[in-house]
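In what follows, a single structure is set out as structure tokens and then discussed.
Only the coordinates and a few stated rules stand behind these numbers; no lab work does. Note that the structure is a prediction, hence the values are computed from the model and not measured. Neighbour counts run over all protein chains shown; Cβ positions are idealised from the backbone, glycine included.
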Amino acid sequence: MVAQKMLEGNVLWSYDHELTEKNSSWFRKIANFFSFLTPRHNHEGNILLASNGLFITGDEQLELPLSHIEEVYMGFDDLFPASSVKNFGLFWQPIRIRSTISRSESQTVYLVINHTGIFNDNQTWFNTLISLLR
């Protein structure tokens with residue numbers, strides 16, 4: 001079966017362990033409030049949602065087959081708090097995806113897709129991803 005392309009765009013993203021390291025920067029937290037800095041991220045590139053998974057290309061490659069995705073969540077948490085973005089997240093929230101790498105190992109990534117400075121397309125991507133996983 002050939003995978004069907006569903007959505008594509010640009011993405012700002014980080015692994016959870018990278019955000020843990022960034023949480024210690026008080027300057028970054030305050031700077032996000034008063035400037036036009038991009039949301040917290042460590043990587044950027046292009047993202048493709050296909051009927052068989054998520055594929056990111058850019059400064060780092062990442063493939064998340066749908067069969068390996070354990071959890072999809074849209075919202076803020078301790079690693080990516082609403083206080084770290086302009087307007088306390090009034091206009092958008094990050095997508096968090098936890099997936100398995102092996103039987104005993106998992107990874108968590110945070111995504112901000114097609115960010116324009118105020119808005120992004122996370123809601124559309126979240127809804128489409130959830131519908132594919134059902």
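Residue count for the range 114-134, restricted to those that are without any contact (Cβ under 8 Å) to a residue 60 or more places away in the chain and of a type outside the set (V, I, T): 8. Does the range 103-123 contain at least one residue that is surrounded by 12 or more Cβ atoms within 10 Å (Cβ to Cβ), in a helix (DSSP H, G or I) and at positive phi? Within the range 103-123, not a single residue is surrounded by 12 or more Cβ atoms within 10 Å (Cβ to Cβ), in a helix (DSSP H, G or I) and at positive phi.
For the range 74-86, a residue qualifies if it is within 21 Å of N10 (Cβ to Cβ) and either part of a strand (DSSP E or B) or among the polar types (S, T, N, Q) (or both), and the qualifying residues are M74, S84. Filter the range 36-89 down to the residues that are hydroxyl-bearing (S, T, Y) and within 21 Å of I130 (Cα to Cα), then identify the one that is surrounded by the fewest Cβ atoms within 10 Å (Cβ to Cβ). Step by step, filter the range 36-89, then rank; the result is S67.
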